[in-house]
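Bear in mind that the values in this text are calculations on the coordinates, not laboratory data. Model, not experiment: these values are computed from the prediction. FYI the Cβ positions are ideal-geometry reconstructions off the backbone, even for glycines, and counts take in every protein chain you see.
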Amino acid sequence: MSQNDLLSSALSKIHNAEKVAKRECEVKSSKMIKKVLEIMNEKGYIGGFKQIDDGKGGLLLVSLIGKVNKCGGVKPRYPLKVDDFEKFEKRYLIAKGFGMLIISTTKGIMTHDDAKKNNLGGKLLAYCY
């Protein structure tokens, strides 16, 4: 892992805290991480998050509800066409229709289902199930 892939380290912190049944965990803040957490919150994987000012870049306090089985960042960030989704769903998700891939598209960060509906490709950022 590169020395500062914030998204991957935030997701592995969440995964590790979830494994030891913690109620919350702190991750570094960035626009991309906030957007990914918003999507995870919408889909019911986490119980929400709030910004904490630490005098530096800021932190996010993520409340965990025990729904994340596994999540992580994807390196390298593969470029995806609409017809590639199936291949990457098989690679990163454990069953069809279970979990989500998080994609960065020209219309913003969204799940692979939303990207399929809007017929958009993009870069694969993360997965969660």
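Applying the selection to segment 73-121, what residues are polar (S, T, N, Q) and touching a residue at least 24 places away in the same chain (Cβ under 8 Å)? Spell out the reasoning first.
Keep residues of segment 73-121 that are polar (S, T, N, Q), which gives 104-106, 111, 118-119.
Answer for segment 73-121, where residues must be polar (S, T, N, Q) and touching a residue at least 24 places away in the same chain (Cβ under 8 Å): 104, 111, 119.
Could you please give the count of residues in segment 95-109 that are out of contact with any helix residue (DSSP H, G or I) (no Cβ under 7 Å at 6 or more places or on another chain) and buried (at least 17 other Cβ atoms within 10 Å of the Cβ)?
Residues flagged as out of contact with any helix residue (DSSP H, G or I) (no Cβ under 7 Å at 6 or more places or on another chain) and buried (at least 17 other Cβ atoms within 10 Å of the Cβ) within segment 95-109 amount to 2.
Just to be sure before I move on: is residue 34 in contact (Cβ under 8 Å) with a residue 24 or more places away in the chain and among the charged types (D, E, K, R) in the structure I sent?
Spelling it out, residue 34 is indeed in contact (Cβ under 8 Å) with a residue 24 or more places away in the chain and among the charged types (D, E, K, R).
Looking at segment 5-94, what strands (runs of 3 or more DSSP E) fall wholly within it and have at least 3 residues that are loosely packed, with under 15 Cβ neighbours inside 10 Å and over 13 Å from the mean Cα position of the chain (by Cα)?
Per the criteria, 46-52.
Working only within segment 77-114, note down all residues that are closer than 20 Å to residue 7 by Cα and touching a Phe, Trp or Tyr at 6+ places or on another chain (Cβ under 8 Å).
78, 80, 88, 92, 93, 99, 100, 101, 102, 112
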